[in-house]
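**Q** Attaching a single structure in structure tokens format; questions to follow.
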Amino acid sequence: VEASIPEPQREAWLKHQVGAFKDKDGFEREVVRHVETTLARSLFNCDESAAYAACALAFRDRLILEWNRTQQRQTFADSKRVYYLSLEFLMGRALDNAMLNVGQKDLAKAGLAELGFRIEDVIQQEHDAALGNGGLGRLAACFLDSLASLNLPAWGYGLRYRYGIFKQEIIDGYQVEVPDYWLDFNPWEFPRHDVTVDIQFYGSVRKSTDDSGKTVCNWEGGETVKAVAYDVPIPGYGTPTTNNLRLWSSKAASGEFDFQKFNSGDYESSVADQQRAETISAVLYPNDNLDRGKELRLKQQYFWVAASLYDIVRRFKKSKRPWKEFPEQVAIQLNDTHPTLAIVELQRILIDLEGLEWDEAWNIVVNTFGYTNHTVLPEALEKWSVPLIQHLLPRHLQIIYEINLYFLQSVETKFPGDRDLLRDVSIIEEAQPKMVRMAFLAIIGSHKVNGVAELHSDLIKTTIFKDFVKIFGPDKFTNVTNGITPRRWLHQANPRLSELIASKTGGHGFLTDLTELNRLENCIHDKKFRKEWAEIKYANKVRLAKHIKAATGVTVNPSALFDVQVKRIHEYKRQQMNIFGVIHRYLTLKAMAPEQRQKEMPRVSIFGGKAAPGYWMAKQIIHLINSVGAVVNNDKDIGDLLKVVFLEDYNVSKAEIIIPASDLSEHISTAGTEASGTSNMKFVLNGGLIIGTCDGANIEITREIGGQNIFLFGHLAEEVEDLRHAHVYEKQHSVDSGLKAVFEEIEKGTFGTPQDFAGMISAVRDHGDFYLVSDDFQSYIVTQNLVDQEYLNQEEWITKCIKSVARMGFFSSDRCINEYAEEIWNIEPLKVEANRPAGQTS
Ligand code: Z16
């Protein structure tokens with residue numbers, strides 16, 4: 001339907017168009033207006049949460065004007081767009097980010113002060129948007145920031161979960177999960193009740209013949225659920241681009257059928273239908289690096305993929321271009337295998353609905369998609385059972401079999417008679433029941449496959465996907481090392497450091513070209529600069545110490561070395577090794593004579609992170625950390641020399657407080673298991689050093705900042721297989737005396753009922769020590785002692801920190817997104833004259 005206003009009336013429109021507020025007065029006017037009209041409150045009834053709401057609405061109005069203009073510009077330019085399909089977007093708070101990106105935080109700060117509020121308090125009223133588990137979801141959020149900041153025409157597509165990742169409470173040392181209902185008041189989304197898509201499930205396939213005698217497949221019957229679009233504006237930093245994140249919400253398709261039910265008195269079942277439909281977008285699955293194969297999860301995946309593709313295809317069809325130009329207009333990136341059904345869905349649309357021939361359609365599909373792999377852990381690789389797909393998506397299963405058939409035929413042509421190869425690369429795993437291997441489908445249906453750090457990208461080529469390198473050649477596989485947005489992770493989280501850097505590098509240019517940080521190399525010997533650097537770190541530690549006190553009641557000394565490990569709790573990330581190390585330190589301190597003890601470097605061991613609700617071992621690790629804290633923190637012999645805290649409910653906004661306050665952070669995964677890691681980059685960018693293994697992006701961080709500036713230890717990825725083999729088959733693993741003493745202390749009951757921690761110990765001692773804790777423990781301890789020594793020399797330490805920050809330019813998500821844009825998507829920025837300066841405010 002043509003909905004534009006006719007020429008003669010446009011003048012009136014243009015005359016009355018409201019612009020964005022331009023100054024402090026304009027901003028205050030908008031805040032007061034929202035308080036008094038939108039919120040129906042007054043100056044006698046305006047608390048911090050109302051001030052937040054009004055301030056957020058004022059900025060939302062601003063963003064949406066930019067958003068409108070951006071969408072018009074992109075439609076008019078009709079150039080290629082990228083669509084980033086991700087089941088997770090771990091956005092955190094939006095207000096601070098929006099103010100900084102549009103360059104109006106100073107203005108808002110002054111305006112709010114005049115109205116009686118402190119901007120920090122207002123910002124803290126906001127609930128995190130936590131639609132993600134960990135690294136993968138936060139990566140998607142950083143990518144959105146970079147896409148907009150680089151003026152790239154891009155949309156994100158995801159699910160509008162009613163419940164994001166659960167809130168974590170620690171009760172008696174145990175994790176308790178509480179639902180995170182975050183939609184009570186969310187000013188950042190725009191419901192688009194006119195943008196809906198009907199999504200079909202179940203039913204059956206009927207073959208028929210069309211007029212030309214061609215066989216066509218009709219997917220019929222089953223049930224229909226409605227997808228409703230909610231749009232979230234994504235402002236670029238200092239750019240005119242405000243991109244769109246479209247999140248789908250499910251609701252019952254109010255068809256005649258429901259109405260009949262209702263009228264015939266079957267009220268209950270019509271309500272039940274409604275609830276069943278709404279269940280699809282109700283909750284984020286809380287697993288990181290684990291596939292549980294639940295039917296509802298598959299429904300989520302298809303619901304989201306089908307709605308997004310319908311939207312993308314609808315937009316393409318408006319351009320009236322021939323189908324073969326689809327890949328010249330559309331790039332779709334698959335964030336992990338979660339959206340792999342998009343490959344099948346596009347093929348279905350093209351052959352069943354648009355009448356293309358198989359080969360022509362398949363060509364389009366393959367040239368459209370790119371697939372990013374984020375893990376080599378076998379338990380995380382998605383597989384769906386054939387009977388489940390048959391039941392839920394019968395036509396898609398047929399297409400999957402056909403894709404597989406043509407693929408296996410091409411393999412047979414290239415490698416005649418290699419039955420083992422055919423079995424190994426088949427999309428269908430011959431198990432009981434048969435399983436669809438989603439990663440294989442994603443590889444076959446994409447033109448590029450990438451890993452997320454160099455080591456990881458090498459590993460996928462030599463291990464889990466090696467046969468596909470043989471079949472497709474090495475050029476299909478590439479590396480794009482992850483990055484982080486310096487806007488949120490430096491400018492927003494650490495404003496004082498950002499200002500100090502700006503004062504030394506010639507302004508805030510480093511926020512859009514992070515390589516400009518290298519100008520700091522000239523300041524390394526600048527006394528005043530070094531002093532300010534140290535003061536900022538100290539102030540950040542004081543801020544965290546206050547938070548620790550408020551959250552846990554534990555008093556920590558800001559002069560102690562802050563040693564931080566915050567990330568999802570997982571055996572492969574080895575928080576257990578960290579806490580065993582803490583116990584080892586405790587025992588060592590206890591064994592010392594008091595006068596010698598006082599020469600030791602005081603430390604605060606800070607942990608944070610969620611365990612998947614069903615991950616028993618991860619929960620045991622949390623319990624041990626808290627139990628150790630309860631003993632150590634109250635031991636008079638120890639005092640400030642060692643404190644152990646577990647910060648509950650680690651999330652994006654807590655990360656913004658914790659990361660700038662770290663002296664040392666731990667990235668100690670078993671070599672070869674952490675695909676990249678991204679918090680490692682955030683910590684170094686904020687002037688902290690790393691203790692880590694040769695894994696993921698740690699390796700490239702080392703290359704960039706120099707081996708003298710990082711504490712590496714432990715076995716290498718290429719040694720892991722042999723070590724594991726030796727543990728299991730040759731019973732060749734010895735628990736060294738240090739680790740043995742730790743186990744004995746736990747078993748003595750020093751930290752509570754030993755039985756509570758028996759699983760953690762036996763995993764190492766009796767069950768093959770899969771994550772190589774015993775192999776790496778000794779070098780971990782030795783390296784931690786080296787850290788103590790080096791921290792004593794504060795001048796040397798600060799030099800290392802400054803040098804490291806100066807060399808972190810590579811790890812901007814802008815660099816990373818530019819690589820995707822050039823190597824995978826073939827898209828270009830939509831250039832426009834910047835209509836306002838980059839945000840130069842703190
Ligand atoms: C996830 O967060 C990651 C991988 C995965 O298969 C599933 C989830 Cl939910 C993480 C990786 O573990 C991490 O190493 C990486 O930095 C991150 O994805 C982003 O690539």
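**Q** Name the shape class, rounded, prolate or oblate, that the alpha-carbon gyration tensor gives for region 332-388, where a ≥ b ≥ c are the square roots of its eigenvalues, rounded holds for a/c under 1.5, and otherwise prolate holds if a/b is larger than b/c and oblate otherwise.
**A** It is oblate, given that a/c is not under 1.5 and a/b is not larger than b/c.
**Q** Right, something else. Which ³J(HN,Hα) values, rounded to whole Hz and listed in residue order, are derived for region 741-758 from phi using the Karplus coefficients 6.51, -1.76 and 1.60 in 6.51 cos²θ - 1.76 cosθ + 1.60 with θ = phi - 60°, glycine and proline given as x?
**A** 4, 4, 4, 4, 5, 4, 6, 6, x, 4, 10, x, 3, x, 4, 4, 10, 4
**Q** Would you please classify the overall shape of region 361-420 from the alpha carbon gyration tensor, given that a ≥ b ≥ c denote the square roots of the eigenvalues, rounded means a/c under 1.5, and beyond that prolate means a/b larger than b/c while oblate covers the rest?
**A** It comes out rounded by the Cα gyration axes.
**Q** Right, here's the next one. Order by neighbour count: 798, 444, 658, fewest other Cβ atoms within 10 Å first, most last.
**A** Least to most surrounded, the residues fall as 798, 444, 658.
**Q** With θ set to phi - 60° and the Karplus curve 6.51 cos²θ - 1.76 cosθ + 1.60, what are the ³J(HN,Hα) couplings of region 97-113 in order, to the nearest whole Hz, using x for Gly and Pro?
**A** Values per residue, Gly and Pro as x: 4, 5, 4, 5, 5, 8, x, 10, 6, 4, 4, 5, 4, 5, x, 5, 4 Hz.
**Q** Counting only helical runs of four or more DSSP H residues, what would the 222 nm mean residue ellipticity of the chain come to if each run contributes -39,500 (n - 2.57) and the total is spread over all its residues?
**A** Roughly -14000 deg cm²/dmol at 222 nm, from the helical runs in the chain.
**Q** Between residue 158 and residues 5 or more places away or on another chain, which pairs have amide H atoms under 5 Å apart, with H built 1.01 Å from N, and which residues are they?
**A** HN-HN under 5 Å from residue 158: 246, 247, 248.
**Q** One-quarter of the Cα convex hull surface for region 488-529, in nm²?
**A** For region 488-529, averaging the hull's shadow over all directions gives 2.8 nm².
**Q** Arrange 766, 513 by Cβ neighbour counts within 10 Å, fewest through most, would you?
**A** 766, 513
**Q** Where the Cα atoms of the chain are projected onto their three principal axes, how long is each span, largest first, in whole Å?
**A** Sorted from largest, the Cα extents of the chain read 94, 75, 60 Å.
**Q** Also, quick follow-up: Order of 530-542, 463-475, 696-708 by packing, highest average Cβ count within 10 Å first?
**A** 696-708, 530-542, 463-475
**Q** Additional query: Looking at the chain, what % of its DSSP beta bridges pair antiparallel, to the nearest 5?
**A** 45 percent
**Q** Now a separate question. I need the shape label for region 16-133. Rule: rounded when a/c is under 1.5, else prolate if a/b > b/c, else oblate, with a, b, c from the alpha carbon gyration tensor.
**A** oblate
**Q** How do the peptides 358-367, 224-233 rank, highest first, by the average count of neighbouring beta carbon atoms within 10 Å per residue?
**A** Ranked by mean Cβ neighbours within 10 Å, highest first: 224-233, 358-367.
**Q** What is the log10 of I(q)/I(0) for region 486-808, computed with the Debye formula using one identical point scatterer on each Cα and no solvent, at q = 0.07, 0.11, 0.15 Å⁻¹?
**A** -0.27, -0.68, -1.26
**Q** Can you pick out the pairs among 573/748; 541/803; 80/105 whose Cα atoms lie more than 25 Å from each other?
**A** 573/748; 80/105
**Q** What's the ranking of 18-30, 307-319, 50-62, 137-149 by average number of surrounding C-beta atoms within 10 Å, highest first?
**A** The packing order, highest mean first, is 137-149, 50-62, 307-319, 18-30.
**Q** Also, I was wondering about something else. Taking the Cβ-Cβ separation of residue 294 and residue 186 as r and a Förster radius of 45 Å, what is the calculated FRET efficiency to the nearest 0.05?
**A** According to the calculation, E is roughly 0.95.
**Q** Follow-up question, since we're still on this one. For region 716-722, take each phi angle, set θ = phi - 60°, evaluate the Karplus expression 6.51 cos²θ - 1.76 cosθ + 1.60, and give the result in whole Hz per residue in order, putting x for glycine and proline.
**A** 3J(HN,Hα) across region 716-722, in whole Hz: 9, 3, 6, 8, 4, 4, 4.
**Q** Quick one: check the C-alpha center-to-center distance for region 144-213 versus region 127-141, whole angstrom.
**A** So the separation of the two Cα centres works out to 13 Å.
**Q** Still on this model: Excluding residues fewer than 8 places away in the same chain, name every one of the aspartates and glutamates whose C-alpha is closer than 18 Å to that of residue 528.
**A** 499, 795, 796
**Q** Pull up all non-local amide H partners of residue 690: gap of 5 or more, or a different chain, and H-to-H distance under 5 Å with H placed in the peptide plane.
**A** Correct list: 665, 711.
**Q** Considering only DSSP states other than H, G, I, E and B, which GluC sites (Glu not before Pro) in region 724-802 qualify as loop sites with at most 10 other Cβ atoms within 10 Å?
**A** Answer in residue order: 730.
**Q** In µm²/s, what is D for region 54-118 at 20 °C and 1.002 mPa s, where D = kT/(6 pi eta Rh) by Stokes-Einstein and Rh is the Kirkwood radius from Cα pairs?
**A** 150 µm²/s
**Q** Oh, and also: To make sure I understand, if each residue's beta carbon is the centre and we count other beta carbons within 10 Å, what order do 304, 384 fall in, fewest to most?
**A** 384, 304
Laboratory data are not the source of any read-out in this text; all were calculated from the coordinates shown. Just so you know, these numbers come straight off a predicted model, no measurement behind them. For neighbour counting, all protein chains shown are included, and Cβ atoms are generated from backbone atoms with ideal geometry for every residue, glycine included.
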